[in-house]
Each structure stands twice: as structure tokens, then as C-alpha cells.
1. Under 8 Å for C-alpha pairs, at least 6 residues apart: give me the relative contact order for chain C, rounded to a whole percent.
2. In nm, one decimal, shortest first: how far is the label point of E:Asn46 (7 Å from Cα along Cα to beta carbon) from the matching points in the other copies?
3. In chain C, which cysteines lack any other cysteine Cβ under 4.7 Å from their own?
4. Defining the label point at 7 Å along Cα→Cβ, can you sort the distances from D:Glu113 to the same site in each other copy, shortest first, in nm?
5. Mind giving me the nanometre distance, one decimal, between the label points for F:Ser45 and B:Ser45, set 7 Å out from Cα along Cα→Cβ?
6. Can you compute log10 of I(q)/I(0) for region E:3-112 with the Debye formula, treating each Cα as one identical point scatterer, at q = 0.16, 0.20 Å⁻¹?
7. Expressed in nm², what is the orientationally averaged projection area of the convex hull enclosing the Cα positions of region D:2-46?
8. Relative to the longest principal axis of chain D, what angle (0 to 90°, nearest 10) does the C-alpha long axis of helix D:3-23 take?
There are 6 protein chains.
Amino acid sequence: MNATNLSQFSAERERLRNLMLSYAGRDMKRLLTLDNAIYEEGALSNRTKELLALVASTVLRCEDCISYHLLACHKHGLTTAELMEAFTIAMLIGGSTTMPQLRRAIAAWDQLEH
Amino acid sequence: MNATNLSQFSAERERLRNLMLSYAGRDMKRLLTLDNAIYEEGALSNRTKELLALVASTVLRCEDCISYHLLACHKHGLTTAELMEAFTIAMLIGGSTTMPQLRRAIAAWDQLEH
Amino acid sequence: MNATNLSQFSAERERLRNLMLSYAGRDMKRLLTLDNAIYEEGALSNRTKELLALVASTVLRCEDCISYHLLACHKHGLTTAELMEAFTIAMLIGGSTTMPQLRRAIAAWDQLEH
Amino acid sequence: MNATNLSQFSAERERLRNLMLSYAGRDMKRLLTLDNAIYEEGALSNRTKELLALVASTVLRCEDCISYHLLACHKHGLTTAELMEAFTIAMLIGGSTTMPQLRRAIAAWDQLEH
Amino acid sequence: MNATNLSQFSAERERLRNLMLSYAGRDMKRLLTLDNAIYEEGALSNRTKELLALVASTVLRCEDCISYHLLACHKHGLTTAELMEAFTIAMLIGGSTTMPQLRRAIAAWDQLEH
Amino acid sequence: MNATNLSQFSAERERLRNLMLSYAGRDMKRLLTLDNAIYEEGALSNRTKELLALVASTVLRCEDCISYHLLACHKHGLTTAELMEAFTIAMLIGGSTTMPQLRRAIAAWDQLEH
């Protein structure tokens, strides 16, 4: 994970998502639609929702999910201080087994900020 | 999980936490101290931090953790609409395997609100 | 988990599911609808789909999910020999950490068959 | 994961499995033997067993396990419609955190079919 | 989990294990046999093996598995200081999501020691 | 994972850990400090603690964590026979879903020993 990798990651994710959609039946299509809809502005802001998803992805140690929601958090103007507090919560709840993903996520954030 | 159970749960959790502290060595004590410190107001509010912990606990399907952070969210004035959006994100990310915990968490919330 | 418990479990699950629906927003309602739709007869039979869900629930060690799909498998006429082969696969893939759930699931099946 | 990768994956997996066997003691050897034996034709067909293993591997998000059982399912003549229904069940039960693996698995299947 | 509960737990586990054996086919029987064999004295002592299993069970948050291996560790003369250091490692690696199981395990140990 | 890779892995891990420390707030710094402190010699030896961490990392299928603790176990003079018994326990408890990581870990150990 770094800024270049994140850009390649986004392009590849998009390509594979389209391939998946071309194979998907009715119910999988509905799941993929929901997967976008739930992050729309509501009682909670986009920004809070993306942060919730980032922390959930971290404790589940899903590196692709972290990359995706990290980019979204950056786009929504999350500050570095907010990010690091969220990551501290994820690291304490999920344990040191989340550290490899967190180290790479922070390296990617470092490049997004520079 | 319901309002009565949540109250019993809190008392029992406190009792066992004190017993744990009486057995804990230096490093475990530090971990238990950190486990409180990270939820203090900072760049992110208490309320947002507790919501992050609630969603993380849900995707990890830790029922005691959910009970604990649900009570904290209630105390911090989280609205039902905010809670349900957070739970929808947790359910989509974590899958239907989170539903048993979510059903019981909503039943507990229902009693806290009435 | 036993035959009586499974019957109580089904009633309680239904009650909590209705409560959840009364709280659910648009997207959570859609997820709950999908959660029924995907088990309908299709290219794969109901029976195979329920067996897939039972094995998935076992490796994820979700006891409520196992109870639910075990009842569905029984209703669809799964044989004991088929069940035990599926459980052997789940136990080998998921490891001995699945054994507590499997022991209780087999005790429940034993009562359903008698 | 793609058709070329899957072929390389199989060769490398075989090489490492032989190395593991050369190090394995009595009990690990027995586990490795069981890991083949449980997929033999029985009350459930080979094909159903491999599909159960594929769904279990998906909800556990084990990419190597998915590659292995995807190839086995292809060899046993699983249809694309059957595969996609099984993946929809895995995605709903395991949540959107399974999507990265599923996107790559569908890309690999796409190449196996062409 | 407490000393009385642990005794009831052992009796019930034994009853269900026998029921499982009466249903088990050849391969599941072999798995259950292996599940005993791997804890026999070898290059590693019984005691170390049980401690490894206890820590593995804790990070996987399998409460029945923890009860079982906690009793075995007690039988093999593990000291309280050793136990607490092992639990600190499990808590740090597995995160605060292991705390509910650890609180109850320490309460059970407290009764075993008194 | 192999001997060359393990050396590159250690260097990259160190680089990213330093970057993480430069971003870390007070609480994350404390967690990172604890992550070293808990492996110090105590009632349990360094060697036993690293072996506990290796088995915990294996059942959690954290490949970076396995690499790190495998190197530490090698440094502390763990024998191949001890390692293989620990891995057998991890494989049985965690299931065949741990095999991909175990195959690569054994290949890395093979190079460390030659």
C-alpha cells in the first residue's frame, strides 16, 4: 500500500468489480448495490460512515477493504489526528495482529498527505 | 441482552474486572489502563469513539463488547437513527453472521429507550 | 441446543427479527430480504444451499446460525450420513475450535431424529 | 488469481506440501492424509464436498484455499450459475469483507471458462 | 466459568463427545483421535502443549476450548504467574475483544486455586 | 516467506514501524512499547513466549506475525522437532485453513536451518 499502489489498486478493483457485475445474478447485484448505498449521507455523515468502515475493516484485517476506505476517508477530509485515534482504537480492540495492516495503511496515508 | 440484563452485565463485568486487576502483572495492568484511555475525548469525540468500538465489536461478534459499548453510546446520546445506520454498515461488512448479536442488541436498545 | 431448545430458539429468533424489522431503515430491510431470497431454489437446490450455509456457519462458529440452518436442513430431508460428512469437512477446515458447536449441533440433530 | 496464476499456484502448493511432508511428524502426516480423505465420494458427492469447501474457504477469506477448491470445482464440472449462487451465499453470510477474494476468484473462473 | 461450572462443563463435554463419537464416520473418528494424540509428551512437554492450546483458544475466543485447556494447565501444575504472562500475550495479540473470555477464565482459575 | 524474504521482511517491518511511531499519539506509543515488553523473560522464558506468539499468530493466520515470531524462535534456539509439534497443534486447532501459512513458514524455516 502506497499512493501509487493505491491508485493502481483502485483501477484494478474497478475492473474486477465490473467483471463481477457481468457474472452476478439478481441477488448478488442487489448486494453490490447495497454496498454503495449504505455509505450515503444520512443520520450519520459520509465521513463518519467511512471511518466506521475503516475501523471495521482493520479489526477484520481486510487489506483491500482498508485501502478502499482509507482513500474515501482522505477524500472526505479526515485529519491525521482523527485517523490515528481511530487506528489506536482498532489496534487495541483487534490486537497486535492488526499491526501489519496498520503499518502499511499509515505508510499509504503518509504518501497521500505529501 | 435487555435493559435488566445490561444492568446485571455491567455489575458482573465490574466485579470480574476487579478480580482480573488483582491478578494482573505490570503489563496487563497497562493494557487495562490503555483500554480506558483510548476512549477519552480527543480529535474524535467520545461519542464517535464509542460508535467506532461498537461497530468493531459487532463485526468481531463479541457480545459482551457490544453490550458495553451500546450502553456507552446510549449514555453519550446516540440517536436511534444513528445507531441503525451504524448497525447496517456492520451487518453489511460483517455479513449475516452478525445478525444474532444485532437482533439482541436492538432488543436491548429498545428497552433502554422505553 | 436440543429439540426443545431449537423450538424455543426459532420462536425467539422470529420475535427478535420482527423487532429488528420495526427498527430497520431502507437498507437494513433490503439486507434482511436478501437474507431470505438467496436460499430459494435456483441452479442449486434449497437443500444444497442450506447445507452450504450450515458449513459456513460452522467454520465461523456462529451457534445461532448453525441452529437455524440445521433445522432447515432437517426440513429439507438431509440424511444423517450427509450431515456427518459435511460436519467432518467443517471440522477439518475450521479446526478443533469448531468442536464445541459441533457437539451441541449433533446432540440437537439426535433429538430431531428421535 | 488467474488461469496462469492458478497453474503456478498448483505447482508451488505441491512443492511446499512435499517439503511440509518431509518435516512432518506422525500426527501432522495423519492430518495431511485426512485432508485428502474427507473429499472422497461418499454420502455426498465429490462435487458437493468441493463446493462446501469453497464456501467455507470464502467466508474464512483464505485465498489459497479458495484457489485450490475453485480448481477442484471446475474439474468436477460445476456450472457458472451454480458457482455464482454459492458465492452469493458466501458473500451474504461472510459480508462485504469477502468481496476482494470473490472478485479475484471470479476473474480466475472467467479465465478457466475461456 | 467457575470451579463448579468447570466440573459440570467437563461432565457435559464428555457426554456430548461420546454422542458425537457414536455418530462419527471413519474420518471424524480419526480427527477426534488426533485431537488427543497431539497433546502427548514429545519434544515439547504436555504442559507447554496445553499452554500453547490455551493461548490459541483465547485469541480465537473459544470459551469451551479455554475451559478445557485451563483445567489441563491446572492439572499439569502451571503457576499463576505463568498463566498471567501467557494471558497477557494472548490479550495483546488478540486484542481487547478477548477480555470477556479472559475475565471469566481468571475467575475460574481463582476458584481452582482456592 | 524464505530466508532472503525474511531478511527483507525484517528491514521493511522496521522501516514501517518507525514511520508508525512518528505518527503515533501517546496511547498508540504505549501499545507499541507494551508489544515489546510482554516478550521479556519472566515466569515464562523468552523462548516459550515467542512460541506462544507463533502459535497464536498461526491460528489467526497473520503471515507477517508468523514471520516475525518464527525468526525470534530461531534466534532463541527452538529445535525443528519442537517447532513441528507446535505447528501440529496450531493446525489441528485452527484447521486446514492455516495450511497455506504453515507451508510457507516451514519453507522459511528450512532455509534458516540450511
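Quick note: the coordinates plus some simple rules give every number you see, no bench work behind them. Since this is a predicted model, take the numbers as computed values, not measurements. Cβ: placed from backbone, ideal geometry, glycine included. Neighbour counts: every protein chain shown.
1. It comes to 39 percent, rounded to a whole number.
2. 3.1, 4.4, 5.2, 5.2, 6.3
3. When partners are defined as cysteine Cβ atoms under 4.7 Å apart, chain C leaves C:Cys73 without one.
4. Spacings between copies for this position, smallest first, are 3.8, 4.3, 4.5, 4.5, 6.0 nm.
5. In this crude label model, F:Ser45 to B:Ser45 measures out at 5.4 nm.
6. Results for region E:3-112 at q = 0.16, 0.20 Å⁻¹ read -0.78, -1.13.
7. 4.2
8. 20
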